[in-house]
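To start, I am sharing the structure in question, which I have written as structure tokens.
The values are calculated or read from the model by the stated rules, or taken from the named source; none is laboratory data. All figures in this text were calculated on a predicted structure; none of them were measured in a lab. Note: ideal-geometry Cβ built from the backbone for every residue, glycine included; neighbour counts use all protein chains shown. Surface areas here come from the heavy atoms of the whole protein model, side chains and all, with no ligands, DNA or RNA. Shrake-Rupley method; radii C 1.70, N 1.55, O 1.52, S 1.80 Å.
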Amino acid sequence: MRARAPADDTEPQVTQIDAPSAQDVRPAQNAQPTQNVQPDPADAAAPLPERDGARSAWERLPTVSPRAFRILTLVGLVFLGLIVVTGGLVRLTGSGLGCPTWPQCGDGSWVPRSQYATHGVVEFSNRMVTIAMSVIMLVTPVAALRLADRRERRDLVWLSFGLWAGFVAQVVLGGITVLTDLHPATVAAHFLLSMVLLLNGAVLYRRAGQGPGPVTVTVRRELLWLARLTVVASFAVLVLGTVVTGTGPHGGDATHARRFGFDIVNVAQLHADGAMLLTGLSVAWLFAVRLAKASREARRWADALAVTIVAQAALGFTQYFLGIPTGLVALHVAGATLMWIAALRLWLALPDRPAPRTRPKGLHLHLNP
Ligand code: HEM
């Protein structure tokens, strides 16, 4: 029987045990005690296998401090939000071909030339944000595996790989969206997957600022359930929003004009009803966090949620009655992203974990701000 334990902490903690063969189980007839076995000098002289070379290169990578990792996750979260806004702008302004070449914008130019006008600027900005975000998505799992305390922080490693997997899925979905001539279902899925990635990024950022200990719920459990309900209701309103878009004129490519075929008034009504439910929930939150004496952070995010929901609702009605002008719709997309982040941050601000290890081991103080 052979057991292979991880040689170092950079490998996955998987112990691989092969089934014992008959030979392994049978006692060796001339078996000698093993403690006097001398290493074969030939082994020492033998060149290291290539895998060991790769491993030592990996070990030479610098370790990442919890603080640096947290900053990286914050930058990732900002870019995940930015890409939704710049991607939405490309769609709404029809700037998909704003730059005629890739990765440059026009032959020999790394900035959009004036002849490409606004479309060039919009498309080029989106490209730059996409490139920066791609680098962050690829670097984050590597940084998590190089964390100084990675043994205790499997959660951060998993969440970082979750971001990476979501990013790969977005690339694939982006390709499918083009292949289906911007079918509204794939355009909506592209947007909603971004929202899932934001969820992953927000949880990762939150956890990166906390210690590895168990979660402590600092408020009544009912409040935690209300937070979960708010996140689910917010996502439902986002889904309904994409249905309205996929039914209306901004759903995709104007030339192919593929739409869902629902009645626009009915779906917009349903979407606005969801927004009204959210408005009610946000007012409830303003009281709940204060009555429950929740943390200052939770109160701040409850305020942010109320502001973004009321602003979104006002913007939604205005754009609807003004015949959905592009500029207002772009603001509505940005507002939806901010509202989603506020709902997630409020939910994540309720349960807490001890802060990363600045205190002696074994002593767990929990300060309720
Ligand atoms: C919390 C409140 C709201 C949120 C979070 C929200 C979110 C969204 C989202 C995510 C979209 C899809 C954007 C896209 O796919 O590009 C959308 C579209 C839309 N929403 Fe809202 N919305 C809210 C309130 C409202 C209200 C009250 C109305 C009033 C009728 C409204 C009217 C619309 C319309 C007309 C569209 C389609 C715009 C287009 O043609 O692209 N929204 N909304």
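Just checking, how many residues over the stretch 301-325 are touching a residue at least 24 places away in the same chain (Cβ under 8 Å), assigned to a helix (DSSP H, G or I) and within 9 Å of the ligand (Cβ to nearest atom)?
Residues in the stretch 301-325 being touching a residue at least 24 places away in the same chain (Cβ under 8 Å), assigned to a helix (DSSP H, G or I) and within 9 Å of the ligand (Cβ to nearest atom): 9 in total.
I've got another one for you. Let me spell it out: the conditions are (1) open to solvent by less than 30 Å² (accessible area, probe 1.4 Å); (2) assigned to a helix (DSSP H, G or I); (3) away from the ligand (no atom under 12 Å from the Cβ); (4) aliphatic (A, V, I, L, M), and A294 meets all of them except one. Which number is the exception?
(2)
If you don't mind, another one. Of everything in the stretch 280-310, what is of a type outside the set (A, V, I, L, M, F, W, C) and either within 25 Å of the chain's Cα centre (by Cα) or under 20 Å from V217 (Cβ atoms) (or both)? Give them in sequence order.
S282, R290, K293, S295, R296, E297, R299, R300, D303, T308
Rundown of residues vs (1) under 17 Å from the mean Cα position of the chain (by Cα); (2) in contact (Cβ under 8 Å) with a residue 12 or more places away in the chain, yes/no style:
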| position | (1), (2) |
| --- | --- |
| V121 | no, yes |
| M128 | no, no |
| L159 | yes, yes |
| V196 | yes, yes |
| V217 | no, yes |
| W225 | no, no |
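Here's something else I'd like to know. May I ask you to list the residues in the stretch 340-354 that are crowded, with 24+ Cβ neighbours inside 10 Å and under 15 Å from S295 (Cβ atoms)?
L346, W347, L350 - these are the residues of the stretch 340-354 that are crowded, with 24+ Cβ neighbours inside 10 Å and under 15 Å from S295 (Cβ atoms).
Consider T63 carefully, then state whether it is farther than 30 Å from Q210 by Cβ and either at pLDDT 85 or above or open to solvent by 90 Å² or more (accessible area, probe 1.4 Å) (or both).
Details: farther than 30 Å from Q210 by Cβ: no; either at pLDDT 85 or above or open to solvent by 90 Å² or more (accessible area, probe 1.4 Å) (or both): yes.
For T63, the condition - farther than 30 Å from Q210 by Cβ and either at pLDDT 85 or above or open to solvent by 90 Å² or more (accessible area, probe 1.4 Å) (or both) - is not met.
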